[in-house]
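A short write-up of the structure that comes next.
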Amino acid sequence: MGGIADKFDKAYETKPISDLANAPVEALQGVSPGDAQHLKDAFNIKTVRDLGTNKYFLWAQAVAKLAD
């Protein structure tokens with residue numbers, strides 16, 4: 001999976017990519033349950049898929065790439 005699995009907590013490292021996409025956002029290394037709650041409250045982000053497809057994050061990523 002190109003190093004993606006090691007970005008997740010140990011419990012998720014052997015899961016298929018579809019499971020990673022549907023995992024709770026706190027499954028990502030460095031995202032605490034409190035961080036996950038803030039993301040849910042602010043943007044209704046509950047899963048890794050939600051985070052990766054959030055329009056505000058995608059817009060910010062596009063701006064950052066264009067600025068490089």
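Listing for the model above:
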read-out	value
The chain: C-alpha gyration tensor shape, a/c 1.5 cut-off, then a/b vs b/c	oblate
Cross-link reach list, aspartates and glutamates versus Lys7, counting only Cα pairs under 13 Å and skipping chain neighbours closer than eight places	Glu26
Apportionment of accessible area to carbon and sulfur, the stretch 1-60, percent (1.4 Å)	58
Gain on full stretching of the segment that runs from Ser18 to Thr47 - 0.36 nm per residue minus C-alpha separation	9.3 nm
Stretch gain in nm, segment Ser32-Tyr56, where the contour uses 0.36 nm per residue and the Cα spacing is subtracted	6.6 nm
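The values are calculated or read from the model by the stated rules, or taken from the named source; none is laboratory data. Please read all numbers here as calculations on a predicted model, not as lab measurements. Please note that ligands, DNA and RNA were not included when accessible areas were found on the heavy atoms of the full protein model with its side chains. Shrake-Rupley method; radii C 1.70, N 1.55, O 1.52, S 1.80 Å.
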